[in-house]
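In what follows, a structure is listed as structure tokens, so that the remarks can point back to it.
Every number here is computed from the coordinates shown, using simple stated rules; none is lab data. No experiment lies behind these values; they were computed from the predicted model shown. Glycine also receives a Cβ, built like all others from the backbone with ideal geometry; neighbour counts cover every protein chain displayed.
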Amino acid sequence: MQLPSYIAGKPVNSGASLEVRYPWDGTLTGSVACVGPEHLEEAIQRAIDPKNVPLTRYERHAVLRRASVLLAERREEFASLMTRETGLAKVETLYETKRSSDVLEFAAMEALRDDGQSFSCDISPNGKARKIFTTREPLNLVGAITPFNHPLNQVVHKIAPAVAIGAPLILKPSEKTPLTATRFVELLYAAGLPGWMLSVLHGGLDTLTRPLICDERVELVTFTGSASVGRDISRRAGYKKLCLELGGHSPMIVMEDADLDLAVGLAAEGCFRNSGQRCTSVRRLLVHERLSEEFTQRLVAKAATYVCGDPEDPDTRVGTVIDEKAALHLESAIQEAVGAGATLLFGGIRRGAQLQPTVLGNVPRTARMAAVECFGPIAPVYPIRDLEDALQFANATAYGLSSSIITNKLEDALTAVRRIQAGTVNVNEIPGYRLELSPFGGVKDSGLGIKEGVIEAMKFMSHVKTFSLPW
């Protein structure tokens with residue numbers, strides 16, 4: 001498979017290319033054409049050309065609905081490509097296509113919604129016989145940079161709200177997963193999206209990504225990825241809007257009164273799904289000390305049911321991580337935790353880019369993985385004394401993306417909601433649970449408090465204009 005970059009709907013093959021290899025066995029999955037600064041300039045010029053004719057709300061809605069239908073028809077194709085790019089189990093990539101369909105459907109729905117307001121001006125002694133109205137206008141140009149861990153859904157979460165609000169967008173996908181992103185852009189063109197509204201460009205950091213970030217004509221940079229890269233973007237971007245959805249270190253608190261079957265099931269799902277490569281994956285299991293031993297025993301038994309193997313085998317539940325370098329980093333973190341006093345109870349075996357689901361008991365809070373995100377299928381258990389101890393530890397990292405608490409006590413649940421420093425606190429659920437429509441984002445090193453999700457993304461991809469009339 002050899003795919004081009006696309007400038008406003010036009011395929012571009014520059015001669016230079018980027019190869020993508022299957023993390024499972026290293027075979028070639030495909031390649032994409034790389035472009036340079038002159039191609040970025042052309043994409044920008046095409047996006048902001050005053051001759052472009054904006055789509056109506058209904059036209060934007062229709063494009064997104066057709067895209068949803070096309071994606072449903074090609075679900076197997078997209079899932080297979082994602083597996084070959086990422087090494088994620090086929091069951092995970094099929095699920096991702098369904099999440100992406102939700103994004104398209106919600107965006108199509110919101111494209112028809114007018115959130116304009118009106119204000120009567122005669123409501124104060126200083127008022128007049130007028131009315132003030134609001135209308136929402138799209139930004140002139142959005143730059144979007146997406147990660148490897150959700151190669152379709154993260155791309156759709158950037159593009160679909162932009163289409164819904166009418167903002168042209170230039171996409172720079174991860175160099176590790178460019179094929180899925182390019183295929184989705186082609187799908188949108190097939191659904192009727194005008195070329196000028198969307199370009200997808202592949203290239204280097206200095207020749208493409210940073211020039212996109214720094215260009216003054218790009219009014220918003222929306223980025224999902226690591227905290228270190230997010231901070232670099234914030235320093236370079238200058239005077240423009242930023243949406244930075246960064247790393248996480250999500251705690252799941254399991255209280256003494258928790259339903260153990262529920263807690264163990266959620267812990268396994270939160271730690272092992274998507275090969276542990278979600279920004280909202282459970283990174284710390286904070287389990288009440290009176291439950292810790294039984295919880296850990298049950299979790300080991302549960303982990304054994306997560307079949308780890310060939311990502312294309314339908315029975316596999318845990319495939320590879322993104323590459324062998326990432327797996328080696330995880331293996332090192334496990335060995336370091338064991339050296340610090342943790343007990344390796346299950347897993348820990350690495351084969352190339354694949355790491356077996358791993359359960360660690362009695363992990364010291366001084367271990368590196370207690371504070372630093374380890375992006376893989378690791379379930380570290382930390383005993384806690386009580387809720388206060390759990391809350392202190394939950395907040396003892398630089399991150400603040402998502403979290404959860406497993407309890408049947410409403411008072412404890414509400415205390416956690418109020419006191420955990422994170423963008424999301426879920427009760428009796430995994431930290432990452434959400435709708436594709438609902439607000440999502442973090443605080444501290446997980447983000448600037450600006451939310452994604454279809455509705456919030458449409459808001460930050462636009463601005464509100466007010467006008468008044470005699471009344």
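Per-structure values
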read-out: Highest average packing first - 21-29, 400-408, Cβ atoms within 10 Å; value: 400-408, 21-29
read-out: Unit Cα scatterers, Debye sum, the chain: log10 I(q)/I(0) for q = 0.06, 0.12 Å⁻¹; value: -0.28, -1.04
read-out: Quotient of Cα Rg and 2.2 N^0.38 Å for segment 225-322, N being how many residues it contains; value: 1.41
read-out: Entries of 98/325; 131/465; 51/451; 10/158; 158/240; 10/172 with Cα pairs more than 24 Å apart; value: 98/325; 51/451
read-out: Scattering curve values for segment 250-435, log₁₀ I(q)/I(0), Debye with Cα scatterers, q = 0.12 Å⁻¹; value: -0.50
read-out: In degrees, nearest ten, helix 153-165 long axis to first principal axis of the chain (Cα); value: 30 degrees
read-out: 0 to 90° range, to nearest 10: angle between helix 75-86 axis and the chain longest Cα axis; value: 60 degrees
read-out: Degrees between helix 90-111 axis and first principal axis of the chain (Cα, 0 to 90, nearest 10); value: 40 degrees
read-out: Cα-based reach from residue 444 at 12 Å (exclusive), listing aspartates and glutamates while leaving out same-chain residues under 8 positions away; value: 245
read-out: Cα-centre dipole for segment 118-172 with unit charges at Cβ (Lys and Arg positive, Asp and Glu negative), debye to 20; value: 80 debye
read-out: Segment residue 135-residue 468, length gained on full extension (0.36 nm per residue, minus Cα span); value: 118.8 nm
read-out: Ordering of 191-201, 174-184, 63-73, 278-288 by packing [mean C-beta count within 10 Å, highest first]; value: 278-288, 174-184, 191-201, 63-73
read-out: Spin-label model distance (nm) - residue 16 vs residue 45, 7 Å beyond Cα toward Cβ; value: 2.0 nm
read-out: Burial ranking of peptide ranges 101-112, 220-231 (average Cβ count within 10 Å, highest at the top); value: 101-112, 220-231
read-out: Debye log10 I(q)/I(0) for segment 1-68, one point scatterer per Cα, at q = 0.18, 0.24, 0.25 Å⁻¹; value: -0.87, -1.00, -1.02
